[in-house]
Every structure is written in structure tokens, then in C-alpha cells.
Amino acid sequence: MAASAAPSSPSPSAGPRIRVLVADDSVVVRGLVSRWLEEAGCEIVGTAANGRLALDALDRVQPDIVLLDIEMPELDGTQALPRMLAKRPGLQVVMMSTLTQRNAEISLRCLALGAIDYLPKPEGNRGVTTQASFREDLVQKIRMLGADLRNRPRARPSAPSERPGLAALPERPAAVAAAPAPRPAAAPVTVRPRPLRASPPRCLLVGASTGGPRAVGEVLEGIGAATLRRVPILIVQHMPPVFTAVFAEHLGARIGLPAAEAKHGEPVRPGVVYVAPGGRHMGLSGNATEAVIQLNDGPPVNFCRPAVDVMFRDAAEVYGAATLSVVLTGMGSDGTKGAQALVEAGGVMLAQDEATSTVWGMPGSLVRAGYAHEILPLPAIGPALRAAIAGPGAGAGLGAAH
């Protein structure tokens with residue numbers, strides 16, 4: 001099926017509609033996704049049954065966002081992605097794949113090549129038709145990405161023009177990811193005075209969503225394994241089941257420390273990376289010397305499970321002023337209420353700046369709420385955290401890099 005244009009006029013009251021190209025080899029998926037997004041106010045400018053047709057349609061239909069299935073004939077999503085980004089550097093590509101370990105691996109590698117996000121897809125046409133959560137996730141993701149596009153247009157660096165397939169993809173995706181192009185400096189914001197530290201922190205907490213897999217890896221690598229061995233590292237990255245296990249495995253390989261999905265009831269130990277499992281909240285119980293992971297299947301918080309707020313709130317009670325936390329790129333406002341609890345307990349809170357965030361939703365929300373002690377570009381966050389963990393005399397500390 002050739003790519004087909006579907007022109008329509010934007011609503012004058014809402015401004016230009018987000019233009020979406022849907023590429024999937026299933027005619028059922030293309031039809032349902034197109035209908036759902038049109039009902040949500042998007043403009044479907046084309047559909048394509050494989051990556052080659054989608055690539056050929058780019059210049060003709062000029063989409064803002066491409067929904068790109070991984071498994072397609074002729075030219076699959078992994079082959080089409082770098083060619084699309086080379087052709088249209090400002091393009092936002094969301095990968096779609098079913099929830100398998102292999103597809104989770106591929107999706108993370110696609111993020112490293114420049115895809116902005118991924119969307120888990122139910123298996124088979126029946127699953128797509130009957131699983132309401134897929135429709136809700138799809139519409140919410142495209143709406144939020146669209147709002148970010150309207151508010152802060154940007155250009156993404158071009159990707160390599162020739163990638164023959166999965167075999168050529170990098171083994172460690174986060175290490176080769178291209179950083180978003182810097183945006184114009186935002187209006188100045190007020191940061192909190194930093195609390196005085198009597199001793200080094202007892203834990204490092206990281207929250208992230210869209211754009212997070214690359215950002216988290218860069219931050220941990222910037223801190224370094226030698227320093228990370230001094231504290232436990234707890235991470236909430238908004239991801240579905242299966243994806244979080246693969247993400248943890250990649251982090252461990254990159255930084256050279258034990259890293260895995262957290263398990264309910266396991267003790268928290270320094271030098272270990274605990275990633276919240278997809279679909280489960282990760283909290284804590286105990287105290288700063290004997291903290292224990294607590295997983296639960298409670299209702300979503302901020303539409304998220306796992307939620308950063310849950311981890312932050314529990315950490316405020318368990319570790320108090322001994323917390324060191326950072327919120328990285330991501331959609332929505334998850335982490336803001338938890339940041340309030342951490343800051344009121346005396347902990348230190350960092351936020352990624354707008355210019356280097358893929359989406360400045362989560363960090364921007366806590367910055368606007370006044371809970372950030374530092375707002376730093378992504379390359380500066382790792383060194384700042386390293387100095388804070390190492391303590392006085394270890395080099396430039398928080399506040400040294402802006």
C-alpha cells in the first residue's frame with residue numbers, strides 16, 4: 001500500500017494540528033491508529049506499509065511525527081530510521097514494537113540512533129483492537145510530543161545515512177546517542193539555596209521519561225563507577241515491562257556495576273543500580289542504614305507506574321537529608337510532588353535544563369515549582385553529582401557548572 005496523503009485544514013482556534021505519518025505493515029493497525037489520532041485532533045498526512053514507502057513520503061507529506069513500526073517488509077524500522085533522520089533532521093520518530101525482549105533491545109538501540117520515543121504495541125491485530133491502554137498511551141504520547149513541538153521547535157542532529165540493519169546497530173546504545181540540539185536560552189528561573197551538607201549523601205535517586213535512556217546512561221557514566229560504588233543508585237525510568245530489564249542490563253554493561261530490575265524485599269546496597277520494573281511502583285522502607293526495596297501494584301500516579309513521585313516520597317522518609325536526586329528529561333510532571341518531600345526533608349535536588357532536554361516536562365515542572373537547587377545541562381550533571389557524592393575536596397561541587 002503506497003503512502004497516502006490525507007490533507008485537512010487545521011482548527012483556527014487550536015492552531016496548526018500535529019502532522020503524523022503512520023508506518024506499519026498491518027492495514028488494521030494503520031487504520032485504527034490513524035482514526036484514533038484524527039479523533040484526538042491530529043492530522044494524518046499519510047500512511048505507509050513499509051519503511052521504504054514512509055521514507056519516500058517524507059518530503060511530500062512533511063510530517064511532524066512519524067510512528068514507525070520496527071518489523072516491516074522491504075525496509076524495516078531500524079533501517080528506515082537513520083535514513084529518515086538524515087533526510088529530515090528535525091523529525092520526531094516514535095518507534096512501535098510488541099513487548100518482546102528482542103524488540104526491547106531494538107527499541108533502545110533506535111533511541112540511540114535518534115528516535116525520540118517508543119510505544120509498546122499489543123501482539124496481533126486483535127490485541128491492538130481490544131487493548132484500551134494502547135489507544136490511551138498512543139494518544140497521550142502524541143499529544144504531549146505535539147505540544148512540545150508547538151511550544152519549542154528544534155532541530156535534531158542528523159543520523160548516519162546508511163545503516164544496513166540490526167547487525168550494524170551499536171551494542172551499547174546510550175554511548176552513541178546524539179544529544180538534542182541546544183535550544184535558545186530560556187528565561188531565568190529561581191533556584192533554591194543549597195542546604196549545607198554535614199556528610200556525603202547516602203543514596204542517588206534518578207527520575208526520567210522521554211529521552212531518559214540516553215540521558216541516564218550519560219549521567220551515570222559521567223559520575224563514574226568508582227564514585228557510584230559509594231551509594232545505591234535507584235532509578236525510575238518510565239518504561240513498560242520487559243524494557244526495564246533490558247535497560248538495566250545496558251546500564252550495567254556501560255558503567256561496570258551490578259544493575260537489574262529491583263526485587264521486592266531486597267536490601268539496598270551501595271554500588272548497585274536498582275531500576276524500577278515496568279508496571280510496578282518502586283518505594284522504600286527501613287532506614288538509611290538498612291533500606292529495603294518495596295514494590296507495589298498500586299494505581300498509577302501522574303498516569304505513571306512506576307512513578308518517580310513514589311520513589312521520592314519514600315526516600316524522603318527513609319534517607320531524609322541524606323538524599324541526592326536528579327530529574328532528567330521527560331514528559332509530564334512526575335517527580336514534582338516527591339521533590340517537594342525530598343527538599344523539605346533537607347535533600348538536594350538537581351534538574352536537567354531545557355536546552356538539553358528532549359522534553360522539558362518533568363524537570364521543568366519541578367523547576368517552576370521552586371524545588372530545584374541546580375539546573376544544569378546534561379553534560380554537567382554527572383560531574384556535579386560525582387563531586388557531591390565524593391564530598392568536599394573532590395573538585396568542583398554543585399553550583400560550579402552552569
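The values are calculated or read from the model by the stated rules, or taken from the named source; none is laboratory data. Everything quoted here is computed from the prediction, not taken from an experiment. Virtual Cβ from ideal backbone geometry, glycine too; neighbours counted across all protein chains shown.
Among the residues making up region 67-108, those that are farther than 24 Å from T244 by Cα and either of a type in the set (A, V, I, L, M, F, W, C) or not assigned by TED's automatic domain parsing to the domain that holds P122 (or both) are M72, L75, A80, M84, L85, A86, L91. Scanning region 280-299 for residues that are among the acidic types (D, E) and either outside any helix (DSSP H, G or I) or surrounded by fewer than 17 Cβ atoms within 10 Å (Cβ to Cβ) (or both) turns up at least one hit. Here A369 meets the list (1) aliphatic (A, V, I, L, M); (2) surrounded by fewer than 19 Cβ atoms within 10 Å (Cβ to Cβ); (3) touching a Lys or Arg at 6+ places or on another chain (Cβ under 6 Å) almost entirely, failing just condition (3). With respect to being of a type in the set (A, V, I, L, M, F, W, C), farther than 30 Å from A355 by Cα, crowded, with 22+ Cβ neighbours inside 10 Å and modelled with pLDDT of 95 or more, V268 fits the description. Listed conditions (1) surrounded by fewer than 21 Cβ atoms within 10 Å (Cβ to Cβ); (2) at pLDDT below 90 are all met by E74, apart from (2).
Quickly run through region 322-341 and pick out the residues that are surrounded by fewer than 24 Cβ atoms within 10 Å (Cβ to Cβ) and part of a loop (DSSP other than H, G, I, E, B). Residues satisfying the conditions are G332, S333. Only one entry of A355, A372 meets the criterion of being closer than 22 Å to A390 by Cβ and assigned to a loop (DSSP other than H, G, I, E, B), and that entry is A372. Among the residues of region 231-258, those that are closer than 22 Å to P379 by Cβ and over 18 Å from the mean Cα position of the chain (by Cα) comprise V231, A253, I255, G256, L257. Within region 77-90, the set of residues being under 21 Å from K141 (Cα atoms) and buried (at least 22 other Cβ atoms within 10 Å of the Cβ) comprises G77, T78, L81, M84, L85.
Yes/no per residue for (1) surrounded by 22 or more Cβ atoms within 10 Å (Cβ to Cβ); (2) more than 24 Å from G346 (Cα to Cα):
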site: V219; (1), (2): yes, no
site: I223; (1), (2): yes, no
site: P241; (1), (2): no, yes
site: G320; (1), (2): no, no
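When restricted to residues that are assigned to a loop (DSSP other than H, G, I, E, B) and under 15 Å from Y319 (Cβ atoms), region 269-279 contains 2.
Only one entry in P277, P258, P241 is within 21 Å of L119 (Cβ to Cβ) and touching a helix residue (DSSP H, G or I) at 6+ places or on another chain (Cβ under 7 Å), namely P277. Among the residues in region 237-246, are any touching an Asp or Glu at 6+ places or on another chain (Cβ under 9 Å) and assigned to a strand (DSSP E or B)? Looking through region 237-246, none of the residues is touching an Asp or Glu at 6+ places or on another chain (Cβ under 9 Å) and assigned to a strand (DSSP E or B).
Taking the criterion of being modelled with pLDDT of 80 or more and assigned to a loop (DSSP other than H, G, I, E, B), would at least one residue in region 116-136 satisfy it? Yes, region 116-136 contains at least one residue that is modelled with pLDDT of 80 or more and assigned to a loop (DSSP other than H, G, I, E, B).
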